[in-house]
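The values are calculated or read from the model by the stated rules, or taken from the named source; none is laboratory data. If you're wondering where the values come from, they're calculated on a predicted model, not measured in any experiment. Here the Cβ positions follow ideal geometry from the backbone for every residue, glycine too, while neighbour counts run over all protein chains shown.
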There are 2 protein chains.
Amino acid sequence: MNINLVCVGNLKEKFTRDCAAEYIKRLGAFCKLNVVEIKEQNVLENPALVLQKEGEDIIKNLKGFVILCDISGEEYSSEIFAEKLEKIFMENSTITFVIGGSYGVSESVRSHANARVSFSHMTFPHNLFRVMLLEQIYRAFTILAGKAYHK
Amino acid sequence: MNINLVCVGNLKEKFTRDCAAEYIKRLGAFCKLNVVEIKEQNVLENPALVLQKEGEDIIKNLKGFVILCDISGEEYSSEIFAEKLEKIFMENSTITFVIGGSYGVSESVRSHANARVSFSHMTFPHNLFRVMLLEQIYRAFTILAGKAYHK
């Protein structure tokens, strides 16, 4: 099982890098994880141009089943999220998660998504959101493996 | 404005302590933050007993308007959450947020809550959830102050 995580921007702060690193380490027991950091465009530029440029880079890195993290996507409990991933992995060897940039993602990226998932009605910063996503993917694997972590 | 954060258990891992410390530092510009860590009871004990013991300690530390973090609570966008906090602070100098333990909180704690807020349908570990809550409180203050952070 391969997880391909395509994110706009990098983790600038040590404290989120350390958090992400912890879950990446733990995920190593369950899957092959690949993290692709797309160059963040200057937010002072025209938003449409930012979305277009970032979108082109995102699309080049999509593989397998594509799940877009989107505040208006479907909401799941951790258990249902785990079941969804299990089903997807029955027919795909790779799941790509996409975390957009400051302006979200372009319509073109959106049209490449096979599913859209929302973690919260609230907006979180990209760096913390990346940690939240990694934790939920790790939690999903522990739920599927019947491990005690998630309880 | 005082924020009183009552949590069951402490942050064992350095990576979440560092994340929490960052938002606590940033919150210093906006409010007086007090963090109370309630002793986590042994989860191998009877759940009802765990909830009762932790509940008694939680209740002793409640002040002002009490918001319980609860997966089945109300869901808000970050903007609406900020507005809610602003309204509460018009009539209260202190808001207490409660994060329960492994089994949640007792009915007695629940009955002391003036409001219940849900961040996600998903379950997050207490340590990461504490960071998410601190970040959203910080975000709320920046929204109310009209700062650019949240955009």
Cβ-Cβ below 7 Å, separation at least six or inter-chain, first residue in the range B:40-52 and in contact (Cβ under 8 Å) with a residue 60 or more places away in the chain, second outside any loop (DSSP other than H, G, I, E, B): which pairs?
B:E40/B:V8; B:E40/B:G101; B:Q41/B:V50; B:Q41/B:K53; B:Q41/B:E54; B:V43/B:V50
Among residues of the range B:137-149, those that are within 9 Å of chain A (Cβ to nearest Cβ) and surrounded by fewer than 19 Cβ atoms within 10 Å (Cβ to Cβ), counted
1
Are any of the residues in the range A:108-124 in contact (Cβ under 8 Å) with a residue 60 or more places away in the chain, β-branched (V, I, T) and away from chain B (no Cβ under 12 Å)?
no
Can you tell me which residue is surrounded by the fewest Cβ atoms within 10 Å (Cβ to Cβ) among those in the range A:62-81 that are touching a His at 6+ places or on another chain (Cβ under 6 Å) and hydrophobic (A, V, I, L, M, F, W, C)?
A:L62
Screening A:L134, A:L128, A:L85 for residues that are over 27 Å from A:V43 (Cβ atoms), among the hydrophobic types (A, V, I, L, M, F, W, C) and within 14 Å of chain B (Cβ to nearest Cβ) leaves only A:L85
Taking B:F129, is it under 19 Å from B:A21 (Cα atoms), crowded, with 17+ Cβ neighbours inside 10 Å and either at pLDDT below 95 or in contact with a strand residue (DSSP E or B) (Cβ under 8 Å, 6 or more places away or on another chain) (or both)?
yes
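Conditions tested, residue by residue: (1) under 18 Å from B:S102 (Cβ atoms); (2) surrounded by fewer than 17 Cβ atoms within 10 Å (Cβ to Cβ); (3) of a type outside the set (G, A, S).
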position	(1), (2), (3)
B:F15	no, no, yes
B:E22	no, no, yes
B:K25	no, yes, yes
B:V35	no, yes, yes
B:L44	yes, yes, yes
B:A48	yes, yes, no
B:G55	yes, no, no
B:K60	no, yes, yes
Does B:I95 satisfy being crowded, with 18+ Cβ neighbours inside 10 Å and within 24 Å of B:Q41 (Cβ to Cβ)?
no
Can you tell me which of (1) buried (at least 22 other Cβ atoms within 10 Å of the Cβ); (2) within 13 Å of another protein chain (Cβ to nearest Cβ) is the one A:Y103 doesn't meet?
(1)
